[in-house]
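Undergrad: What follows is a single structure, and I will ask about it in a moment.
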Ligand SMILES: NC(=O)c1ccc[n+]([C@@H]2O[C@H](COP(=O)([O-])OP(=O)(O)OC[C@H]3O[C@@H](n4cnc5c(N)ncnc54)[C@H](OP(=O)(O)O)[C@@H]3O)[C@@H](O)[C@H]2O)c1
């Protein structure tokens, strides 16, 4: 499986999981567009990529803003001509306060980034992927264990991550006719900027990458999603748990294989 000439967009690319994914993709010879609001951390990621950074473009982006997302995809198309992979990773949480005290502004901020941001990027990716030759691509949404079960005082985050599962399923279904596949990874406790406060819950050194349903993965899927899961284990320092649930196979009946017009599997 060669990643030659594959183009990826990673949102939330300047820190944590997004950064680890960018560095992994660049080493696999992807060209990567890094999106996030803070240009300095995007540039820092590029600096850490060293010579691999020459295959990358940093585009400061607010995924909750439609015009900003439009600009991201226009720059991607202008620079690289196509898009093969979108990793909808940008995310945020609200302060862990009781649901009844949460200002509605905070609710909206989390939903705007975690859900509307992923939707806007998915919409823009569809427009590009369905027109390009060869047609199609892959979208991977970063869900969470919170897509399955809540933590206390995390209603907006939990609601947004449950909703991401709906977006993933809709995207997989709607993308079929354009050879666009979509899956989701649901991660628990990788130590990043977002989870620096969440030390409790650590039960020792535990690094899991597993198929939640015990299924064989769909043809074409293992490459990128499994690689991301492997890179994610490098995010968690020793002693921190990184339980990674790869929930994509549950969607395998709706996800098409991604094949080029000549029929070979591209992933
Ligand atoms: N770490 C975990 O254990 C864990 C578990 C489950 C799920 N996740 C998910 O993993 C994803 C990444 O989180 P992380 O743990 O790596 O935390 P992180 O280091 O805080 O990363 C979040 C990234 O999202 C970006 N972001 C936030 N708002 C944005 C916006 N409006 N537009 C564009 N980018 C935005 C941030 O960059 P800027 O501030 O520069 O915009 C940041 O780079 C999130 O979706 C999170 O829900 C993480």
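Undergrad: Of the residues in the range 133-165, how many are near the ligand (Cβ under 10 Å from one of its atoms) and part of a helix (DSSP H, G or I)?
TA: Counting residues in the range 133-165 that are near the ligand (Cβ under 10 Å from one of its atoms) and part of a helix (DSSP H, G or I) gives 7.
Undergrad: With away from the ligand (no atom under 15 Å from the Cβ) and farther than 23 Å from residue 180 by Cα as the only criterion, which of 100, 106 stands out?
TA: Just one listed residue meets the conditions, 100.
Undergrad: Another question, then. I need the full set of residues from the range 138-155 which are in contact (Cβ under 8 Å) with a residue 60 or more places away in the chain and buried (at least 23 other Cβ atoms within 10 Å of the Cβ), in order please.
TA: Listed by number, the residues that qualify are 138, 140, 142, 143, 147.
Undergrad: Looking at (1) surrounded by fewer than 20 Cβ atoms within 10 Å (Cβ to Cβ); (2) within 14 Å of the ligand (Cβ to nearest atom); (3) modelled with pLDDT under 95, which one does residue 20 not meet, given that it meets all the others?
TA: Just one mismatch for residue 20, condition (1).
Undergrad: Is it fair to say residue 130 is in a helix (DSSP H, G or I), surrounded by fewer than 22 Cβ atoms within 10 Å (Cβ to Cβ), more than 10 Å from the ligand (Cβ to nearest atom) and touching a residue at least 12 places away in the same chain (Cβ under 8 Å)?
TA: Answer is yes for this residue.
Undergrad: Quickly run through the range 23-37 and pick out the residues that are within 9 Å of the ligand (Cβ to nearest atom) and surrounded by 24 or more Cβ atoms within 10 Å (Cβ to Cβ).
TA: Of everything in the range 23-37, those that are within 9 Å of the ligand (Cβ to nearest atom) and surrounded by 24 or more Cβ atoms within 10 Å (Cβ to Cβ) turn out to be 35, 36.
The values are calculated or read from the model by the stated rules, or taken from the named source; none is laboratory data. Predicted model, so just to flag it, every value in this text is computed and none were measured. Every residue, glycine among them, receives a Cβ derived from its backbone with ideal geometry; neighbour counts consider all protein chains shown.
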